[in-house]
Amino acid sequence: MATKPAAKKPAAKAPAAAKKTATAPTIPMSKLIAELAEKHGMSKKAATELFGDFVELTVKNLKKGNKVRLTGLGILQVRKRAARMGRNPATGEAIKIKASKKVAFRVAKDLKEAI
């Protein structure tokens, strides 16, 4: 009686190489301030103070609960997150997550279309 040769198992696939996506460089605030200062003919120190005041006013208004509209960029606003139940991923134990606030950014239509 002839025996059939054993069926070959498909070779195990090598793990897929992680896709390497080129990340865009991060532009530091100091470089943006330097470019703005040069473009508008002001000192870097004056531009830094102006930008610092802008950030301070933005934070102040967000703390009050106001929305901050940056025309051409989008809207910053504080959103409330309700308390909820979650799970500890390590143990699977149910845990209570407290209510919190977060800053949300909604992109402007012009910026979406530009990108």
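The values are calculated or read from the model by the stated rules, or taken from the named source; none is laboratory data. Every value quoted in this text rests on a predicted model; they were computed, and no experiment measured them. Ideal geometry is used to build each Cβ from the backbone, glycine not excepted, and the neighbour counts take in all protein chains shown. Quick note on the areas: whole protein, heavy atoms, side chains included, nothing else; ligands and nucleic acids left out. Shrake-Rupley method; radii C 1.70, N 1.55, O 1.52, S 1.80 Å.
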Scope segment 66-76; condition open to solvent by 60 Å² or more (accessible area, probe 1.4 Å) and touching a strand residue (DSSP E or B) at 6+ places or on another chain (Cβ under 9 Å); matching residues: Asn66, Lys67, Arg69, Leu73
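Among the residues of segment 100-114, count how many are open to solvent by 70 Å² or more (accessible area, probe 1.4 Å) and either in contact with a strand residue (DSSP E or B) (Cβ under 7 Å, 6 or more places away or on another chain) or not aliphatic (A, V, I, L, M) (or both). Before you say what the answer is, go through the steps one by one.
Quick first cut of segment 100-114, residues open to solvent by 70 Å² or more (accessible area, probe 1.4 Å) only: 101-103, 105-106, 109-110, 112-114.
With the extra rule that they be either in contact with a strand residue (DSSP E or B) (Cβ under 7 Å, 6 or more places away or on another chain) or not aliphatic (A, V, I, L, M) (or both), the set shrinks to 101-103, 105-106, 109-110, 112-113.
Adding up the residues that qualify gives 9.
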Index of the failed condition, Pro89 passing every other in (1) open to solvent by 100 Å² or more (accessible area, probe 1.4 Å); (2) part of a loop (DSSP other than H, G, I, E, B); (3) within 15 Å of Val55 (Cα to Cα): (3)
